[in-house]
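Here is the structure we will look at, set down as structure tokens.
Values in this text are rule-based calculations from the coordinates and carry no lab data. No experiment lies behind these values; they were computed from the predicted model shown. All Cβ positions, glycine included, derive from the backbone under ideal geometry; neighbour counts span all protein chains shown.
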Amino acid sequence: MKNEKGFTLVEMLVVLLVISILLLITIPNIASHNNSIKEKGCEGLKDMIQGQVLAYEMEHNETPTMQDLIDKEYVQESASTCPNGDAVTIENGVVK
């Protein structure tokens, strides 16, 4: 037989075993951080809307409601809900 180059079955099985172990380690870690990621996304959304509230107040000299921001196209309608499902509200110029 000629000296053919390629991977043996044992080498392929070892590679599959290593990949499987890495997947078993990483998938639970990603799943456990899902709520944390959603909370940080909500905080970022609220900070962005707070900036739009300030811009609206400077231009119109009044405190907006969430609907005012949507109607005047300061934010999109989808911004009224956080990634975790909580509604975003504005009370006395503060986003909650």
>> List the residue pairs whose Cβ atoms are under 7 Å apart, where the first residue sits in the range 64-84 and is of a type in the set (A, V, I, L, M), the second is part of a loop (DSSP other than H, G, I, E, B), and the two are 6 or more positions apart or on different chains.
In response: Met66/Val88; Met66/Thr89; Leu69/Val75; Ala79/Val88
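Mind listing just one residue for me: the one in the range 12-63 that is hydroxyl-bearing (Ser, Thr, Tyr) and in a helix (DSSP H, G or I) and, of those, surrounded by the most Cβ atoms within 10 Å (Cβ to Cβ)?
So the residue we want is Tyr56.
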> Out of the residues in the range 64-96 that are within 17 Å of the chain's Cα centre (by Cα) and assigned to a strand (DSSP E or B), which is farthest from Lys38 (Cα to Cα)?
Replying inline: Ala87
